[in-house]
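The values are calculated or read from the model by the stated rules, or taken from the named source; none is laboratory data. Computed from a prediction, not measured in an experiment: that's the story for all the values here. Cβ atoms come from the backbone with ideal geometry, glycine included; neighbour counts cover every protein chain shown.
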Amino acid sequence: MERNSGILLHPTSLPDSPVCGSFGKPARVWLNELAESGIGVWQFLPLAPPDSFGSPYSSPSSFAFNPWFLDENDLVRDGFLANNLENFSSKNDDFDVRVDSQVANSKVKFLRSSLVDYWDKQNKIIQDEFEIWCSKQFWLDDHSIFMELKIQNENLPWWKWPDKYAVRDKRELENWKKNNKRQLLGHNLLQWHLYRQWNSIRKLAKKLGILLFGDLPFYVSKDSADVWSNRSLFSILNNSDTYLQSGVPPDYFSSTGQLWGNPVYRWNRHKASKFRWWRKRIARHLEQVDFLRLDHFRALEAFWAIPGKDKTAENGFWLPSPGKEILGLIKKDCSGSLPLVAEDLGLITSKVEKLRDDYELAGMKILQFAFDGNLDNPYLPENIKDENWIVYTGTHDNSTSLGWWREMDEDKREQIRERILNYEKPFSSWDLIRIGMETKAKLFVAPMQDLLNLDDSSRLNKPGTIDNNWSWRLSRNDLNIKEGLKKYGELAKVYKR
C-alpha cells in the first residue's frame, strides 16, 4: 500500500437510515464522501452479528454478516420485498442518534419473515443462484440452525437447550430441519442478501479507489455456532463446561487482569487438520475486505489460559500457540502475500514482535499512549522510525481525543503543550491528527469522532462497562461531517497521504 490516510467508522454508526447504518445507501454515500475528500481507507469493526450488548467482538457466528446491515430499501428496489415496509423502515426521517438493538432485531425479524413470504414470487434463475451460493457456504447450515434454535429456545445459550440439540444428535437435528425448512430459508436469505449488498459495496469501493480495512477477533464466543458445531476444537468438556478460558494477566491497569471467558483453542486438534477451521475463517474474511486486522495478535505466539471456574484472570498461565505454522499456511493460501495487520498493543514480548516481523505484518501505534514522559516510549511520533506501522489517534476502545485530553491532569497537559501543541489555542483533536499525519507510518487512521472534535459522550466503547456502548451514530444534523472530511483530506495531501 502506498502512503495513505483512513477513517475508523463502523457501519452501525453511519447516518441516513432509521435503525443503524446499512449496506445500502448509507454505505454508498459514505464511500463517495471519502472519495471526494481524497481519503483512501475505510476501517471498521467486525461485520459479524453482535452479542446481546451490541459488541461485534463476541459474536454468535464468526462467519456470518450482521443482519442489522441489510438494507430494506435496496431489497424493495431489487424486487425481493413488496413496497409496504413498516414504520421503522421508511416513514420516519427523524432518526435516533443512538442504535437501539431491540429495534434492530425487530427489523431483522420482519425482514426475515417478509423475504420468505415473497420468495415464491422470484423467478427460477434467482432461486437457482441462491441455491448455488448456499451450497458453497460450508458455515451456513450450522449458522442458520443455531440461530433458529436460539429463537425457539428463548435465546438461551446452546448448553441450556434440550440435550438432543445441545449435543447435536444427528437424527434429531435432521427431523428438526425437515420441520423448520421455511425458518431456515429465512436465515439463509438474510445472509445471501447481505452477501449481495456487501459485494456491491466492495465493487464501489474498488471503483472509487478506497481500500476496505476489516477486523477479526482472536477468540469466538462460547455461545456461538462456531463452538456449538466444532466443540472438539475448543476447551469444552463433554458436559459443556469450559475447562480453560481466555483473558490477559494482571497489569498496571488491572490488579486482577481481564477475564474474557471465551473458550481457548485446542491447538493440537487444529494442527491435526492443518488448521482448516482457522484458514477457512481467514479466507472468508479476506473475501470481504482488502486487508484485515488480527485482534489480540499476541495470542498467536502465546496465550493466557485461565482455569474454567475462576472469576478473575489472576491464576492464569501462559501456553504456546502455533502462530508461525498458521501464518505460514495462510501465506500460502494468499499466494505469498499476507494482507494482515497485527493488533500488537499492550505488553508485547520480543517473541511476539519477531512473529510479526518475520511475516512483515504492520503493527499499531496509538498516539494517546505516547505522552507519559518516557523518551523511549514506542508510541512517541519520533520513535516511529519506519513505514510498516498504522498510526492512530485512538481506537474504538479509547476515549475520543478530546475526552482523553479532558481526563488528563494539568501537569501532564503542560508537558504535552511544551512538546507538541500551540500554546495560543485550546486543545483540539486536530492537534493529534496533524501529529499522526506527520509520522513516517504508511497509514494513518483517525476515528470519525476525532474529525468532529467530539467528547466522550460520543465514545463507541468503554471496556469493562456495558452501558451506552456500541450505539453511537453520526447525525446528518451535524453540519461538520463534510467539513471535517474535507479538512482531513486536505491535511492528508499536505503530508502526501
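So which residues in segment 126-150 are under 25 Å from the mean Cα position of the chain (by Cα), part of a helix (DSSP H, G or I) and either modelled with pLDDT under 95 or exposed (fewer than 15 other Cβ atoms within 10 Å of the Cβ) (or both)?
Residue satisfying the conditions is LYS136 alone.
Only residues that are among the aliphatic types (A, V, I, L, M) and either farther than 19 Å from GLU490 by Cβ or part of a loop (DSSP other than H, G, I, E, B) (or both): list them for segment 425-449, please.
Selection gives ALA441 alone.
Within segment 408-424, does at least one residue satisfy the condition of being closer than 20 Å to LEU9 by Cα and not in a loop (DSSP other than H, G, I, E, B)?
Initial filter on segment 408-424 (closer than 20 Å to LEU9 by Cα): none.
Looking for residues that are closer than 20 Å to LEU9 by Cα and not in a loop (DSSP other than H, G, I, E, B), one finds none in segment 408-424, hence no.
So is LYS203 in contact with an Asp or Glu (Cβ under 8 Å, 6 or more places away or on another chain), in a helix (DSSP H, G or I) and of a type outside the set (Phe, Trp, Tyr) or not?
no
Residues of segment 477-497 being exposed (fewer than 12 other Cβ atoms within 10 Å of the Cβ) and in a loop (DSSP other than H, G, I, E, B), which ones?
Selection gives ASN477, LEU479, LYS496.
Test ASN238 against the criterion of being out of contact with any Asp or Glu (no Cβ under 6 Å at 6 or more places or on another chain), farther than 30 Å from GLY40 by Cβ and part of a loop (DSSP other than H, G, I, E, B), and give yes or no.
Working: out of contact with any Asp or Glu (no Cβ under 6 Å at 6 or more places or on another chain): yes; farther than 30 Å from GLY40 by Cβ: yes; part of a loop (DSSP other than H, G, I, E, B): yes.
Against the criterion (out of contact with any Asp or Glu (no Cβ under 6 Å at 6 or more places or on another chain), farther than 30 Å from GLY40 by Cβ and part of a loop (DSSP other than H, G, I, E, B)), ASN238 qualifies.
Quick one: would you say VAL248 is more than 27 Å from ALA205 (Cα to Cα) and buried (at least 19 other Cβ atoms within 10 Å of the Cβ)?
So VAL248 passes the test.
Report every pair of residues separated by at least 6 positions or lying on different chains whose Cβ atoms are under 9 Å apart, first residue within segment 221-239 and more than 22 Å from PHE53 (Cβ to Cβ), second outside any loop (DSSP other than H, G, I, E, B) and acidic (Asp, Glu).
SER229/ASP141; SER229/ASP142; ASN230/ASP142; LEU233/ASP226
Cβ-Cβ distance below 7 Å, separation of 6 or more or different chains: which pairs start in segment 372-384 with a residue that is closer than 18 Å to ASP431 by Cβ and end on one that is in a helix (DSSP H, G or I) and aromatic (Phe, Trp, Tyr)?
What qualifies is TYR379/PHE369.
Could you check, for segment 265-275, whether at least one of its residues is of a type in the set (S, T, N, Q), surrounded by fewer than 21 Cβ atoms within 10 Å (Cβ to Cβ) and either more than 24 Å from GLY363 (Cβ to Cβ) or in contact with a Ser or Thr (Cβ under 9 Å, 6 or more places away or on another chain) (or both)?
yes
Among residues belonging to segment 390-407 that are assigned to a helix (DSSP H, G or I) and not hydrophobic (A, V, I, L, M, F, W, C), point out the one that is nearest to ASP295 (Cα to Cα). Walk me through it before giving the result.
To start, the set of residues in segment 390-407 that are assigned to a helix (DSSP H, G or I) comprises 401-407.
Still in the list and also not hydrophobic (A, V, I, L, M, F, W, C): 401, 403, 406-407.
Values: SER401: 22, GLY403: 24, ARG406: 28, GLU407: 26 Å.
Looking at residues that are assigned to a helix (DSSP H, G or I) and not hydrophobic (A, V, I, L, M, F, W, C), I get SER401.
Quick check on SER254: is it surrounded by fewer than 21 Cβ atoms within 10 Å (Cβ to Cβ), small (Gly, Ala, Ser), out of contact with any helix residue (DSSP H, G or I) (no Cβ under 7 Å at 6 or more places or on another chain) and over 30 Å from TRP304 (Cα atoms)?
Answer is no for this residue.
Within segment 331-350, is there a residue that is closer than 17 Å to VAL220 by Cβ, outside any helix (DSSP H, G or I) and touching a residue at least 24 places away in the same chain (Cβ under 8 Å)?
So far as segment 331-350 goes, yes, one or more of its residues are closer than 17 Å to VAL220 by Cβ, outside any helix (DSSP H, G or I) and touching a residue at least 24 places away in the same chain (Cβ under 8 Å).
Identify all residues within segment 174-197 that are in a helix (DSSP H, G or I) and either touching a strand residue (DSSP E or B) at 6+ places or on another chain (Cβ under 6 Å) or among the polar types (S, T, N, Q) (or both); write none if there are none.
Scanning segment 174-197 gives ASN175, ASN179, GLN183, ASN188, GLN191, GLN197.
Would you point out which residue out of TRP192, TRP159, TRP176, TRP119 is within 21 Å of TRP277 (Cβ to Cβ), touching a Phe, Trp or Tyr at 6+ places or on another chain (Cβ under 9 Å), surrounded by 15 or more Cβ atoms within 10 Å (Cβ to Cβ) and at pLDDT 95 or above?
None of the others qualify; the one that does is TRP159.
Looking only at residues in segment 49-87 that are among the aliphatic types (A, V, I, L, M) and touching a residue at least 40 places away in the same chain (Cβ under 8 Å), which one is surrounded by the fewest Cβ atoms within 10 Å (Cβ to Cβ)?
LEU75
Can you find a residue that is among the aliphatic types (A, V, I, L, M) and over 21 Å from HIS396 (Cα atoms) anywhere in segment 39-60?
no
Surrounded by fewer than 21 Cβ atoms within 10 Å (Cβ to Cβ), in contact (Cβ under 8 Å) with a residue 12 or more places away in the chain and among the charged types (D, E, K, R), is that true of ASP450?
Taking the combined requirement at face value, the residue does not satisfy it.
Output yes when any residue across segment 365-376 is at pLDDT below 95, more than 18 Å from the chain's Cα centre (by Cα), polar (S, T, N, Q) and over 28 Å from GLN258 (Cα atoms), and no when none is.
Taking every residue of segment 365-376 in turn, none turns out to be at pLDDT below 95, more than 18 Å from the chain's Cα centre (by Cα), polar (S, T, N, Q) and over 28 Å from GLN258 (Cα atoms).
If I filter segment 208-225 for residues that are crowded, with 21+ Cβ neighbours inside 10 Å and assigned to a helix (DSSP H, G or I), do I get at least one hit?
Yes, segment 208-225 has at least one match.
What number of residues in segment 454-490 are touching a Phe, Trp or Tyr at 6+ places or on another chain (Cβ under 8 Å), farther than 21 Å from PRO18 by Cα and at pLDDT 95 or above?
Total meeting the criteria: 2.
So the check is Cβ under 7 Å with 6+ separation or different chains; which pairs have a first residue in segment 96-111 that's closer than 19 Å to PHE23 by Cβ and a second one that's exposed (fewer than 15 other Cβ atoms within 10 Å of the Cβ) and modelled with pLDDT under 95?
From segment 96-111, the pairs are PHE110/GLU86.
Enumerate the pairs (first residue in segment 112-137 and of a type in the set (Lys, Arg); second residue anywhere and part of a helix (DSSP H, G or I)) with beta-carbon separation below 8 Å, excluding pairs fewer than 6 apart on the same chain, so at least 6 apart or on different chains.
Within 8 Å, the pairs are ARG112/PRO67; ARG112/GLY186; ARG112/HIS187; ARG112/LEU189; ARG112/LEU190.
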